[in-house]
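The values are calculated or read from the model by the stated rules, or taken from the named source; none is laboratory data. Treat the numbers as computed from the prediction; the structure is a model and nothing was measured. Cβ placement follows ideal geometry from the backbone for every residue including glycine, while neighbour counts extend to all protein chains displayed. Note: accessible area is taken over every heavy atom of the protein model, side chains too, but ligands, DNA and RNA are not part of it. Shrake-Rupley method; radii C 1.70, N 1.55, O 1.52, S 1.80 Å.
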Amino acid sequence: MNRLLSLGIYCLLFSCTPQLHGQSDHGVFEKAYEHYIHQEYEQSILLLEGHLQQCNKSGLKKSLNPSHFLQLSQRDFNQGLLLLLQLKLNPDLPIFKKMLLFSPTELSHCFGNESRTAFWQKAHKTLVNKDSLPLLQKIIAKGFMLAGMTAIHINQTEQASLYFKKALEFDQYNQETLLGLALVKFDEGQAEAALLMLKEFADKFPDNHLVNLCEAEIYLSLQYYDRAAKSLDVFLGHLPNEQQLLTFNHYDLLMKNGQTKMFLRNYAVAEGCFSQAIEVNDASVEAFIARAEARAYILKLKEAEEDLFIARSLDSENSHVFHMLGYVKMLQWQNEEALSYFSKAIDLQGDIKEAYIHRSSVKSVLGDIEGAIEDLDQVIRMDDNADKSYAVRAYLKSRKGDIKGALSDYNQAIVLAPNNASHFIGRAAVKEQLEMEESYLDDLDRAITLNPKNYYPYHAKGAWYQRKKENDKALEAYNQAIKVAPDVADIYIDRGSIYLAKGNPKGALQDLDTVISLEPKNGQAYFLQGILYFLLEKNLKACASMYKAKSLGFEEAEESLVSLCGK
């Protein structure tokens with residue numbers, strides 16, 4: 001499970017009664033956790049015991065700066081971690097003594113100011129007859145549930161399951177425990193079983209929308225982004241709008257929701273999610289970068305740039321800020337500045353694959369083909385499965401005349417992604433230059449099979465047959481291309497030339513009329529129209545078309561105007 005979101009789920013389970021301790025918690029819990037990970041359990045417990053007792057006496061309620069999960073020092077979380085430490089230290093110890101020692105203040109109301117020994121004794125007597133004190137049973141159940149949630153967070157799934165089952169022995173309707181068991185199923189790799197448990201939970205407790213948060217996490221793991229987005233929307237729509245809940249847990253959920261919307265390409269909605277996250281935490285570099293990316297996708301480039309300048313003011317050495325600045329400049333065709341930003345991002349962090357990809361693109365536009373290839377070399381070293389980088393490098397190699405090198409790269413791209421039609425189209429273009437005629441057509445046919453809605457391979461087949469003087473096959477291929485893409489002018493020009501070669505100038509003229517309707521400033525179309533009018537002995541129309549072609553900058557029309565029209 002995504003640890004950050006599971007922690008968000010965990011903390012929100014108890015947000016109805018939060019009590020945050022002072023800033024000194026950070027250091028105390030860092031030290032306690034350091035003892036814990038070194039298996040120095042007794043030292044960890046002693047440190048936490050003293051700190052919890054001190055916090056309980058002082059009643060501190062200060063907010064924390066959430067830079068580490070141990071800073072989530074809500075009392076319940078402290079208790080859950082402490083319980084887990086105690087159980088780990090000595091699972092055979094009468095657990096209720098240790099647990100009751102740190103239970104919430106309800107127990108003080110139940111037992112008053114009796115000595116600790118008497119307190120334990122009465123607790124154990126009560127546990128013998130579980131029906132005598134339902135409140136105590138619920139408190140014990142909550143303690144086991146807290147230990148289970150803490151175990152989930154630190155990847156002790158088996159222990160978590162045991163604690164949750166124990167909790168249900170004391171309170172079979174403890175909703176947080178039922179959710180915890182579903183999370184255990186999820187952590188065990190049984191996503192479908194977990195979803196079924198959550199559905200049953202939702203039917204039984206329709207007002208508990210934490211189930212939607214748990215569903216969202218499972219859907220994200222399965223890459224069902226649309227379902228995850230709906231679940232997150234439902235949960236956030238029912239999140240109480242109280243100041244005590246506007247912690248970084250709420251911020252994390254808003255960020256997760258925005259990122260899910262980005263996967264779904266709902267960039268405008270994602271922008272709104274990130275804006276809400278910024279309202280919760282306006283010092284988050286991550287949130288400003290995320291909103292800038294969403295804005296860049298919907299071409300709100302000025303606003304995106306403003307976000308990135310704010311992010312840079314918060315962290316002047318953040319490589320992702322410079323990468324995104326480069327991306328925004330690239331979209332504005334300010335390629336020199338984009339190149340500078342991408343280079344800065346790479347200098348700060350040399351393993352940002354996307355920065356190399358984008359810098360390669362900018363270098364290509366600026367004419368630095370060698371530099372563009374070098375950047376793609378780096379991407380391929382970083383990612384053995386970078387099929388698109390192989391394909392782009394193949395195209396760049398063909399531009400500089402390394403046709404065999406281009407063929408090798410396209411072959412590798414196809415090995416990595418055999419269902420990508422564009423790789424076959426690219427390889428076909430290289431094979432055409434190498435005069436590999438038969439397999440050239442095979443690649444175009446494969447591209448058509450993989451993506452029959454792409455007009456280009458039909459058009460390319462038509463051009464190939466036309467060069468071979470196989471006009472009927474060329475016409476058939478052009479007709480298929482037009483059926484797929486009726487608004488691409490170049491196909492009509494080529495089909496018109498086939499009509500003319502087959503002795504059908506009127507058909508050719510109709511195709512040129514279509515080209516002009518699609519591209520009124522296409523000088524070549526007017527020039528060819530003029531030629532056809534001359535063939536049809538419509539000289540006035542022919543000269544008018546030639547004059548129009550000349551006015552649109554088509555140079556060949558000027559000579560025709562002199563020779564045919566005397567102008």
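Odds and ends about this structure:
- Loop-located trypsin sites (Lys or Arg not before Pro) in the range 399-451 whose Cβ has at most 10 other Cβ within 10 Å (DSSP): none
- Length added when fully stretched, residue 544-residue 332, from 0.36 nm per residue minus Cα-Cα: 72.4 nm
- Residue-by-residue Karplus 3J(HN,Hα) for the range 347-358, coefficients 6.51, -1.76, 1.60, Hz, glycine and proline x: 4, 6, 8, x, 10, 8, 4, 4, 5, 5, 4, 5
- When only alpha carbons are used to place a centre, the range 402-461 and the range 473-544 end up 28 Å from one another.
- Excluding ligands, DNA and RNA, the accessible surface per residue across the range 252-348 is 45 Å² with a 1.4 Å probe.
- Placing R0 at 60 angstrom, the Cβ-Cβ distance between residue 517 and residue 200 gives a FRET efficiency of 0.45 after rounding to 0.05.
- Spacing of the modelled spin labels on residue 226 and residue 347, each 7 Å from Cα toward Cβ, amounts to 4.6 nm.
- Backbone phi angles across the range 386-395, fed through the Karplus curve with coefficients 6.51, -1.76 and 1.60 (θ = phi - 60°), yield HN-Hα couplings of 7, 4, 5, 5, 4, 5, 5, 5, 4, 4 Hz in residue order; Gly and Pro are listed as x.
- Stretched out straight at 0.36 nm per residue, the stretch from residue 369 to residue 384 would grow longer than its current Cα-Cα span by 3.2 nm.
- Full-stretch length increase - residue 562, residue 264 - with 0.36 nm per residue and alpha-carbon distance subtracted: 101.4 nm
- Charge tally in the Cβ shell below 12 Å around residue 439, where Lys, Arg are +1 and Asp, Glu are -1, residue 439 excluded: -4
- As a fraction of the 1.4 Å probe accessible area of the range 397-518, surface on carbon and sulfur atoms comes out at 46 percent.
- FRET efficiency for residue 408 and residue 485, using Cβ-Cβ distance with R0 set to 35 Å, rounded to 0.05: 0.65
- Think of a 1.4 Å ball rolled over the protein heavy atoms: the range 470-521 then has 52 Å² of accessible area per residue.
- Long-range amide H partners of residue 536 with built H, under 5 Å: none
- 3J(HN,Hα) along the range 258-266: x, 5, 5, 5, 4, 4, 7, 6, 8 Hz, from the Karplus curve 6.51 cos²θ - 1.76 cosθ + 1.60 with θ = phi - 60°, whole Hz, x for Gly and Pro.
- Peptides 188-194, 413-419 ranked from most to least packed, by the mean per-residue count of other Cβ atoms within 10 Å: 413-419, 188-194.
- Probe 1.4 Å, accessible area per residue of the range 366-424, Å²: 49
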